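The values are calculated or read from the model by the stated rules, or taken from the named source; none is laboratory data. Predicted model, so just to flag it, every value in this text is computed and none were measured. Note: ideal-geometry Cβ built from the backbone for every residue, glycine included; neighbour counts use all protein chains shown. When the accessible area is computed, the model is the full protein with side chains, heavy atoms only, and any ligands, DNA or RNA have been set aside. Shrake-Rupley method; radii C 1.70, N 1.55, O 1.52, S 1.80 Å.
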Amino acid sequence: MTESNAPGREMPDWEKRFRAPRVSLPDWAEDAPDHALFVSNATGTYELYAWDRSTGEQRQVTHRPNGTTDGVLSPDGAWIWWFDDKDGDEFGVWRRQPFTGGEDELAAPGLDPSYPAGLALGRDGRTAVVGRSTDEEGTTIHLARIGEPPAEIYRHRESAGVGDLSHDGSLIAVEHTEHGDAMHSALRVLRPDGSAVAELDDTEGGTVELGLEVLGFAPVDGDTRLLVGHQRRGRWEPLVWDVATGEQTDLALDLPGDVSAEWYPDGTGLLIAHSHEARSELFRYDLTAGELTKVATPPGTVSGATARPDGTVEYLWSSAAEPSAVRSTTGRVVLDPPGMKSPGSVPVEDVWVEGPGGRIHALVQKPAGASGPLPTVFDIHGGPTWHDSDSFAAGPAAWVDHGYAVVRVNYRGSTGYGRAWTDALKHRVGLIELEDIAAVREWAVGSGLADPSRLILTGGSWGGYLTLLGLGTQPDAWALGIAAVPVADYVTAYHDEMEALKAMDRTLLGGTPEEVPERYEASSPLTYVDRVTAPVYISAGVNDPRCPIRQIDNYVKRLEARGAVHEVYRYDAGHGSLVVDERIKQVRLELDFAERHLGG
């Protein structure tokens, strides 16, 4: 039974996991490393906090009803830039505030509101490179200097973004998709006047087959080396590109899975982040000796790491069983928020299932000591270019607390299993992912884990989309569906969503709804809504620019027209909520819906 809100009740563990204060990995100022910026939910809403490490003083920077998570600390440590949108609609302007406190001010006067497309701040304390995206203009990038009007240095209809600004401010790296493939970027390096210095892409016959990403310029004045992520061997790996000479240094690290990197502060080495089969680890790579040395971290997932000027490494770590913590290679916890501590959960188990496109990796949790068949929740991740990992998650833990097994599937389209796996979902969007989910569902029932009469399909964002699509295309497979901020009507979603997501949809489906209508129809949950037999619960943010509300309303009207069992919860935010009470309310409503329709 779901818990009451009655005063004096004992707070259940699942709620404590949401309420317990948590912090992000602190970002620190390059030229003032004692000045740091982090995100915390300490007040019940996720907001930005300044931290003076020399004194220990912490100060809440932003105070907004729907929370704030997008912030950047200037290299001199003097200013905090933060993105100001309206109630989660992601459309707004950058503001800035002194690190020591004071009034907010418009950070880049002269730039109209937009969706953000990257930001890089100069070490001189007065220069910024600001990326903007709008439906009307596409992407524009501007050089903004204090006291001067911003100057446009880049413009293109397709999506692009600011990658990085060199240490001396003379070079600007841009990721762009001018070739029309939003999944695979090419790189261009510009001077501050907008003229091109160098280009790097992996095209064949005008078509980009492989992706590139900016990982950062070397942190040394006059150094023209740019750290780049590439996919030339079928996975993400780093290389060093000297944009002045054109020389490329391929590191060729002998590590399975995806590899990313960032510079050590002195520019002599790289901090390597290695992700493989839902877990991650860290290494130091010496650029002179070409040697790789492991940085000790516990088994689980490192979701962020940074090398400090003294050579120590700080990282944000968790596992499915243990809540997140900011740790250091010195052995201490770097940032431990006061207040309630989050209860742990049960470990995750790995399952590999043969599917139509190859072996599928699934992560399974179930109540301690429980034996099947159990009511089972298939909790499907968003993205789609993302993956579930052995990391702490309060949502799945809540289902486990209530007696459910939880299965998470890294379907084709997920990251971390090679480029071919990630790119496999093109054109038959949604249907391919559901084939993999079906294969894992068959394993779950056949193994005795899952009760076939009590299977729940759920997820948020792309996971919510797959939930609604699965309920319509696999109506006999699921007893219940719970979709958060989903795509429900693909054609209407395309026309209403932000431009960057339109570009992604054109890449995934091979064109616009007018150019390939049959593909949008085949991949749209609305096409199959009349086949849905399971009760459906949908939650949606009324200001969501990613999965807009109108297309969800279209789907709900079709359910209403035939009297299908469904419930809809709309809330005043965007693509999810940063308010802890709101998130708890949503989980409570989902648990209650499942109990009423499946039984205890």
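Put the Cα centre of segment 11-77 next to the Cα centre of segment 508-551 and the gap is 36 Å. The Rg/Rh ratio for segment 86-241 is 0.98, where Rg is the radius of gyration of the alpha carbons and Rh is the Kirkwood radius.
To two decimal places, what compactness ratio does segment 327-388 give when its Cα radius of gyration is scaled by 2.2 N^0.38 Å?
Numbers: Rg = 17.2 Å, N = 62, 2.2 N^0.38 = 10.6 Å.
In units of the globular-protein estimate, segment 327-388 measures up at 1.63.
Each residue of segment 244-249 is assigned a 3J(HN,Hα), and the resulting list reads 7, 9, x, 5, 10, 10 Hz, derived from the Karplus form 6.51 cos²θ - 1.76 cosθ + 1.60 (θ = phi - 60°), x at Gly and Pro.
Shape summary: segment 520-600 maps onto an equivalent ellipsoid whose semi-axes, from the alpha-carbon gyration tensor, are 22, 19, 9 Å in decreasing order.
Step by step: find N for segment 209-288, compute 2.2 N^0.38 Å, then divide the Cα radius of gyration by it. What's the final number? All intermediate terms of the calculation are to be shown ahead of the outcome.
Numbers: Rg = 12.4 Å, N = 80, 2.2 N^0.38 = 11.6 Å.
Normalised Cα radius of gyration, segment 209-288: 1.06.
Label sites at residue 60 and residue 126, each approximated as a point 7 angstrom past Cα along Cα to Cβ, lie 3.5 nm apart. A simple spin-label model places the labels of residue 16 and residue 53 3.1 nm from each other, with each point 7 Å out along Cα-to-Cβ.
On full extension, the segment bounded by residue 253 and residue 196 gains 17.4 nm, given 0.36 nm per residue less the C-alpha separation.
Coupling constants for segment 327-343 follow from the phi torsions by the Karplus curve (6.51 cos²θ - 1.76 cosθ + 1.60, θ = phi - 60°), and in residue order they are 10, 10, 5, 6, x, 9, 7, 6, 9, 10, x, x, x, 4, 9, 6, x Hz; glycine and proline get x. One way to sum up the overall shape of segment 87-165 is the equivalent ellipsoid from its Cα gyration tensor, whose semi-axes run 21, 15, 11 Å, largest first.
Separation of segment 130-188 and segment 404-443, taken as the distance between their Cα centroids, equals 33 angstrom. Report, in listed order, any pair from 341/585; 86/341; 86/426; 294/366 with a Cα-Cα distance greater than 22 Å. Long pairs (Cα-Cα over 22 Å): 86/341; 86/426; 294/366.
Name the GluC sites (Glu not before Pro) in segment 115-165 that are in a loop by DSSP and that have at most 15 other C-beta atoms within 10 Å, would you?
Numbers: sites: 136, 137, 152, 158; in loops: 136, 137, 158.
Those that pass, being in a loop and sparsely packed, are 136, 137.
Sorted from longest to shortest, the spans of the Cα atoms of segment 155-230 along the three principal axes equal 36, 24, 17 Å. Only one residue of 118, 68, 48 has its Cα farthest out toward the positive end of the dipole of segment 38-176, where Lys and Arg carry +1 and Asp and Glu -1 on Cβ, and that residue is 48. Rounded to the nearest whole angstrom, the semi-axes of the ellipsoid equivalent to segment 343-464, taken from the Cα gyration tensor as √(5λ), stand at 23, 15, 12, largest first.
Just the protein heavy atoms count here, and of the accessible area of segment 274-391 at 1.4 Å, carbon and sulfur take up 51 percent.
Size of segment 173-310: Rg and Dmax of its alpha carbons, in Å, are 15.5, 47. All Cα-Cα separations within segment 240-347 were binned at 10 Å from zero, giving a P(r) of 13, 41, 30, 12, 4, 0, each value a whole percent of the pairs. Once backbone amide H atoms are built at 1.01 Å from N, residue 251 has 240 as its partners under 5 Å, excluding neighbours fewer than 5 places away on the same chain.
For segment 92-114, list residues with backbone N below 18 Å from a point placed 7 Å from the Cα of residue 148 toward its Cβ? Only 107-111 fall inside the zone, counting backbone N under 18 Å. Working note: Karplus 6.51/-1.76/1.60 with θ = phi - 60° gives segment 177-190 the couplings 10, 4, 6, x, 10, 6, 8, 9, 7, 10, 10, 9, 10, 10 Hz, where Gly and Pro are set to x.
Taking the solvent-accessible surface of protein heavy atoms with a 1.4 Å probe, what is the per residue accessible area of the chain in Å²?
Details: 23130 Å² over 600 residues.
So the chain comes to 39 Å² accessible per residue, rounded to a whole number.
Based on alpha-carbon atoms, the Kirkwood radius and the radius of gyration of segment 429-494 give Rg/Rh equal to 1.00.
Placing unit charges on each Cβ (+1 for Lys and Arg, -1 for Asp and Glu) gives the chain a dipole about its Cα centre, and among 472, 507, 411 the Cα reaching farthest toward its positive end belongs to 472. Cα-based values for segment 497-545, radius of gyration first and Dmax second, are 13.5, 34 Å.
With 15 Å as the cut-off, how large is the P(r) tail for segment 379-441, expressed as percent of Cα-Cα pairs? Write out the running numbers ahead of the final one.
On the way: 1037 of 1953 pairs.
Here the tail beyond 15 Å accounts for 53 percent of pairs.
The average projected area of segment 443-540, computed from the convex hull of its Cα atoms over all directions, is 6.8 nm².
Taking the charge dipole of segment 298-398 about its Cα centre, with +1 at Lys and Arg Cβ atoms and -1 at Asp and Glu Cβ atoms, the residue from 345, 298, 311 reaching farthest to the positive side is 311.
Overall, segment 503-542 carries a charge dipole of about 180 debye about its Cα centre when +1 sits on the Cβ of Lys and Arg and -1 on the Cβ of Asp and Glu, all other atoms neutral. Binning the C-alpha pair distances of the chain at 20 Å intervals from 0 yields a P(r) profile of 19, 56, 24, 1 %, listed from the shortest bin outward. Our estimate of slack between residue 31 and residue 136, defined as 0.36 nm per intervening residue step minus the Cα-Cα distance, is 34.0 nm. Placing +1 on each Lys and Arg Cβ and -1 on each Asp and Glu Cβ, with no other charges, gives segment 1-107 a dipole about its Cα centre of roughly 460 debye.
For the chain, a crude dipole built from +1 on the beta carbon of Lys and Arg and -1 on the beta carbon of Asp and Glu, taken about the Cα centre, is about 1580 debye to the nearest 20.
Based on the Kirkwood radius over alpha-carbon pairs, what value in µm²/s does the Stokes-Einstein equation return for the translational diffusion coefficient of segment 19-65 at 4 °C and 1.567 mPa s?
Details: Rh = 11.0 Å.
It comes out at roughly 118 µm²/s.
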